Structures are given as structure tokens and as C-alpha cells.
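Before any comments, here is the structure.
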């Protein structure tokens, strides 16, 4: 494993939105993303904790970073997403409005904050196109979680959560599903290393790619057609001066063409020295799946099938796709 790969992995961040701002966390600290479940809120809970959640047989704290940033905390809905993160010592949750994507941060575009102290959770600022992403130091956040004498805005936290019966029922169901998943893992007697995936749609079917192949996820991009290329080659894209071949996955896999989406979402993958942009219909989410039965790699473009949250996912075999003889990459 070369140093360049290690550096890229270290600088890859998941970024999310809370209120008007976007924040980033190193993917090495991310365990899972889920829709907001119902949380427990005991009366004696410190005012920097918005709730408790039983996760993998542990009771974890859930926080809203706006409390630490002196930003107004607005009510939540069942559409909020919960980001489960870990440090060397603890696991906790962060409430977000939505997950935006994954980016390998270019260190030359990162501005360090010169006045960081032990109570600041923002360690740097990253500029991405028209976005400013505030990079969260999860270890500083961990330290604040241990302090129960913080001066924070007084908020009626239970009132922030949905009060409508339908939303409360939906969130309670999610909590039950998390508990069932934890019980299944415990009963199995085996605990393999977790696997992270990016999920997406091709037509109405759900697919995923192992995160270790993913270099970047873009919800839209400009694609330039190249005459004389195979039908499944959509064209090329310019990513910060790097020209990347765009493969139309539906055509490459001989799937029905279906409706063309209004935007051009792509997942940029890399295997060995080959980098490709895979054109898809819709990017969904980043999630973890605990595999109990692993199917060996095959010569098929499809590596595995499994059910996650009652949805059938097909995992693509990126090794096979990137080594396919039909793909000819010419330096531009």
C-alpha cells in the first residue's frame, strides 16, 4: 500500500448539512448513517445531549453540534439523518439535516483555524466549488461530551422532536429495527469487520459499491461527448484538471435505458491506477452492512446480493468492471 493511497484515505471526508452550513467528518470516524429514530430522553440528561439510542448493545449519546456553535437549534423531522461516529474510546450520534456526499479533501484548499482551543469543534475550513465546509474534530466533540458543566443555550429538547402521530410512529419503528439488527449480530456469535457501501439506483433497482473503491461522489457533472467511443462510454469529465472517462453503467451492464435523469450523478471509483466515473440514476446513501456470509469474487459484474433495511441491494464487482477489456482509457 503506497503512501499516496494512505494520504488520500486519511483526507476523505463525509460532509453533511445542518441548518445553513455544511460540515465534514473524516470517513475513518464514520460507522453508519440512518434516518432519525426515536430517542430516549431521561430527565437528568445533561443539556448538551439531545437523546440516547441503543446501538449495537451500547447506549450512545446523540448530539446536535449547533448547541456547541451558538447557532439556533430548529425542530427536527422524521427526514433528519443521524450520523453514527466513533473515536478511539466512544461511539456517539450527530443529528444532521442531510448527508451531502463524500470528498477526498485537497489539503491545499484547507485553511486551518489559528485560534482553536479545547472547546472548539471546528478545526479547519475547506473550500469546495461554491461550498464552504467546516471540518469537525470528533475528538474535541468527544471531550465536550464528557463535560457536564458547559454553558449552553437552554432549550426544551423534547419539543424539538416531531409531535405528530405518524412521524413518531415511523421513528419508533426505526428504533425497533436498530434493536433487531443489534440482536441479530449478537446472536450470530461472529462479528466480522464492518463494510461501508455507497448505494444508488439504476432504473428502479438498488445497487451498491464498497466504499474503499470510491474516491468521490458528485450529484451532477458536465460530460463532454467523445466521438468514436463505445456506446457505453458517455464521454469525459474534467475534475479539477483531471480528465476522467464516464461510463454509463446501465449501458455497460446491458440494462434497460429507462428515463434519463435531469442531472448527471456520478460515482468516481479507482482500482489500481484506473479511475472511472460511473454514471448512475440517483445517489442514495452511505451505509454499513454486517455480512455474515461472504460470497467469493467471481467473473461476474455482480459480486453479492443482500437485504438491508428490507431493500435488496446488488453489490457491483468493481475489480471486474475496471479490468474489463472493453474499457480502453487513453490519456487526454
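We did not get these values from a lab; they are worked out from the coordinates using the rules stated. All of these numbers come straight from a predicted model, not from anything done at the bench.
Cα centroids of the stretch 18-94 and the stretch 193-253: how far apart, whole angstrom?
About 31 Å separates the Cα centre of the stretch 18-94 from the one of the stretch 193-253.
For the stretch 195-322, give the share of DSSP beta bridges that are antiparallel, in percent and rounded to the nearest 5; count only bridges with both residues there.
That works out to approximately 85 percent antiparallel.
In whole Å and largest first, what semi-axes does the C-alpha gyration tensor of the stretch 195-322 yield when each eigenvalue is scaled by 5 and square-rooted?
Computed over the stretch 195-322, the values are 24, 16, 14 Å.
For a bin width of 5 Å, list the pair-distance distribution of the stretch 12-86 built from all Cα-Cα distances, rounded to whole %.
3, 12, 24, 27, 23, 9, 2, 0
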